[in-house]
Amino acid sequence: MRKAGIAIHGGAGTILRSSLSPEKEQQYTSALREALNAGYSILRAGGSALDAVETAIGNLEDCPLFNAGRGSVYNNEGGHEMDASIMTGAGFGAGAVALIRNVKNPISLARAVMEKSEHVFLCGAGAEQFARNMNLPFEGDDYFNTAFRFEQWQEALKSSGTFLDHNIGANGNANTAQHDKKFGTVGAVALDINGNLAAGTSTGGMTNKKFGRVGDSPIIGAGTYANNNTCAISCTGHGELFIRSVVAYDVSCLMEYKGLTLAEACHEVVMKKLVAIGGEGGLIAIDRHGNIQMPFNSEGMYRAMKNGSDELIAIYK
Ligand code: ASP
């Protein structure tokens, strides 16, 4: 029997031990553990990698600590536009949504696009209409209007910048963060006992992003990718640079065409190629043997993994 495994992330950025209170650290750790266990219990019971990924991400989307679903950041018009994607390594099935509003769980909508439409990628009003047709739950604006996110957006407006949510400080400057205010994009990757891989990513994007901006998270090959012959990947970081670097597919290609191991491929892309163009962030990855990698080139990344008896929940370097 194969060794089933799962890894999740809650975003990467300037996350320093010195600035995170023990209480906050505890909150993140508990939220990560809950999502990890929700996904892993599906795998342990013989369930699919796809179900594990959707469940773990749905759990993180419901938690206001993270920049996805309920905790999504504000765009420059004071609204929330969410992006998500999911992919199965079996048969290259993929589904993605972008610029959606009020959908409670964007990852479930991405999965519905994959399984119940003839398309891969739906955006905006059309994606929302499809969610209604699929009877997926919606929430009113109040659900997404968290006071903290609003404050964060007001600070970003002062400097007219666009920020990774975990890199914005109370003064709106990148990398001068109030570290109790760092939350992030979420993602999950998994391998089930049948040898199927799956990956998914969900985000509110970057704080104060332009209305209509789409990052890497919903783009298959950039923010999310899965191939049963190589690996499953979910990214977090500065989306524009991750799109240009086609990060998730690049890791898979290095394994497929160059014969690199998962660890070598991740190192090449995250620590060399992304660093060379200033692409801050990281990714989580699992290969077809159940090996897990969680590299990042930022100060920290909310992350967790479980693979048989191995378990890790970590935030800092
Ligand atoms: N990659 C996401 C985006 O650019 C942001 C993040 O990972 O926090 O939309």
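Throughout, read-outs are computed from the coordinates displayed, never taken from laboratory work. Given the structure is predicted, the values throughout are model-derived calculations rather than measurements. Neighbour counts run over all protein chains shown; Cβ positions are idealised from the backbone, glycine included.
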Residue, nearest to the ligand (Cβ to nearest atom), within segment 1-33, restricted to residues that are in contact with a Ser or Thr (Cβ under 6 Å, 6 or more places away or on another chain) and either of a type in the set (Lys, Arg) or at negative phi (or both)
Ala12
Regarding Leu50, is this residue more than 21 Å from Val103 (Cβ to Cβ), in a helix (DSSP H, G or I) and touching a strand residue (DSSP E or B) at 6+ places or on another chain (Cβ under 8 Å)?
no
Scan segment 234-242 and tell me whether some residue there is within 13 Å of the ligand (Cβ to nearest atom), over 22 Å from Arg288 (Cα atoms), assigned to a loop (DSSP other than H, G, I, E, B) and within 17 Å of the chain's Cα centre (by Cα).
yes
Filter result for the condition that a residue is in contact with a Lys or Arg (Cβ under 8 Å, 6 or more places away or on another chain) and polar (S, T, N, Q), over Ser21, Ser72, Ser41:
Ser72
Only one of Glu77, Glu34 is among the charged types (D, E, K, R), part of a helix (DSSP H, G or I) and surrounded by fewer than 24 Cβ atoms within 10 Å (Cβ to Cβ); which?
Glu34
Take Gly89 and decide whether it is closer than 16 Å to Arg101 by Cα and more than 11 Å from the chain's Cα centre (by Cα).
no
Going through Gly223, Gly205 one at a time, which residue ends up being crowded, with 24+ Cβ neighbours inside 10 Å and either on the phi > 0 side of the Ramachandran plot or of a type in the set (Phe, Trp, Tyr) (or both)?
Gly205
Only one residue in Val247, Val275 is under 18 Å from the mean Cα position of the chain (by Cα) and β-branched (Val, Ile, Thr). Which one?
Val247
Of the residues in segment 90-118, how many are in contact (Cβ under 8 Å) with a residue 12 or more places away in the chain and over 14 Å from Tyr225 (Cβ atoms)?
19
